Amino acid sequence: NYDHFKPNGRNVVIYQDTNHIDIETQEKIASELEQMISKGFFEVLFTEGCSGVFEPNYNFANEDQFKDYLIKTDGFLGSVELVRYRLDDMIRNKKLIIYGVEDQELHQKQLKLTKKLAEMGQAFREYKDDSKLTEFSKLFKEWNQLTHQRSIYSTRVIQDQMNSRGIMNAGLVYGQGHFETISGLLMAEDIGYISFFPGETKLNMEEDALKY
């Protein structure tokens, strides 16, 4: 969607991660990222889940070994990790920077809360135990608040980095649930955006939480 693109201004290409653990979704996002980066549309890629420059030291004989490693250690393949591996030469030659914009404390807090909500939901389905529905509603409200807080923090980091580095165009990979807040805050700062939607949302909170 190019409706909010600013031809003569600053822009962020937002890749909405609709399912963190679906391989097809992650491959679609990675492929789109590689195309935009190879065309020189942006040289900085922002991402959730980490903070600061993302420079893991990958040393694998081939991509299959790398994918097996990610699945064994993380439980899933991430689009940003795939790009980091495939475009290693560009990163080493300072032609691409991957930068985490996450508030790690908020992120970890939300991950723990996600797991708790998933367990409560699972217990309700399996044992029909609705004794904690009030607590569930309260925790889910807190979960949504954390989503909003993370979005605000990440947008501030993006703005700061674009200002300090003189960035005109950048990429961003973030969960779909953050899209409305982040895109709105960017527009408020006169930063346009292009959105990439990889497909129908398949994200299931419980399945996703159990993978983390």
Calculate how steeply helix 23-38 sits against the longest principal axis of the alpha-carbon atoms of the chain, using the helix alpha-carbon long axis, and give the answer as 0 to 90 degrees to the nearest 10.
20
Links exceeding 23 Å between C-alpha atoms in this model, out of LYS115/LYS138; LYS39/LYS67; LYS72/LYS115, come to LYS39/LYS67
Tell me the angle of helix 179-188 to the major Cα principal axis of the chain, expressed in degrees between 0 and 90 and rounded to the nearest ten.
40
Gyration tensor (Cα) of region 20-88, equivalent ellipsoid semi-axes in angstrom:
19, 14, 13
For the pair ASP130 and GLN104, what calculated FRET efficiency results from E = 1/(1 + (r/R0)^6), where r is the Cβ-Cβ distance and R0 = 22 Å, to the nearest 0.05?
0.05
Let me make sure I get this right: for region 74-166, a, b and c are the square roots of the gyration tensor eigenvalues over alpha carbons, sorted descending. Under 1.5 in a/c it's rounded, otherwise prolate if a/b > b/c, else oblate. Which is it?
oblate
Run the helix sum for the chain: -39,500 (n - 2.57) per DSSP H stretch of 4+ residues, divided by residue count, reported at 222 nm to the nearest 500 deg cm²/dmol.
-17500 deg cm²/dmol
Rounded to the nearest 10, the angle in degrees between the Cα long axis of helix 104-127 and the longest principal axis of the Cα atoms of the chain comes to 40
If you count, for each residue, the other Cβ atoms within 10 Å and average over each peptide, how do 59-71, 140-152 line up from highest to lowest?
140-152, 59-71
Using only alpha carbons, build the gyration tensor for the chain and give me the equivalent ellipsoid semi-axes, biggest first, whole Å.
30, 22, 14
Residues of region 43-79 with the amide nitrogen closer than 16 Å to a label point 7 Å from the Cα of ARG92, along Cα-to-Cβ, please.
55-63
Solvent-accessible heavy-atom area per residue, rounded to whole Å², over the chain at 1.4 Å
55
How are the alpha carbon pair distances in region 149-204 distributed across 10 Å bins from zero to the largest one, expressed in percent?
20, 56, 21, 4
So, in nm, how far is label MET168 from label GLU27 when the simple model puts each one 7 Å beyond its Cα toward the Cβ?
3.5
Straight distance only, please: which aspartates and glutamates reach the Cα of LYS132 with their own Cα at less than 18 Å, same-chain residues fewer than 8 apart left out?
GLU119, GLU142, GLU206
Could you order TYR193, TYR153 so the one with the most accessible surface comes first? Probe is 1.4 Å.
TYR153, TYR193
How much of the accessible area of region 63-114, in percent, comes from carbon and sulfur atoms when a 1.4 Å probe is used?
46
Between SER38 and ASP3, 0.36 nm times their residue separation minus their Cα-Cα distance comes to what?
10.3 nm
Put +1 on the Cβ of each Lys and Arg and -1 on the Cβ of each Asp and Glu in the chain; which of LEU82, ASN62, ILE152 then has its Cα farthest toward the positive end of the dipole?
ILE152
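The values are calculated or read from the model by the stated rules, or taken from the named source; none is laboratory data. A quick note: this is a predicted structure, and the numbers were derived from the prediction, not measured. With ideal geometry, Cβ positions are generated from the backbone for all residues, glycine too; neighbour counts draw on all protein chains shown. These accessible areas exclude ligands, DNA and RNA; they are computed on the full protein's heavy atoms, side chains included. Shrake-Rupley method; radii C 1.70, N 1.55, O 1.52, S 1.80 Å.
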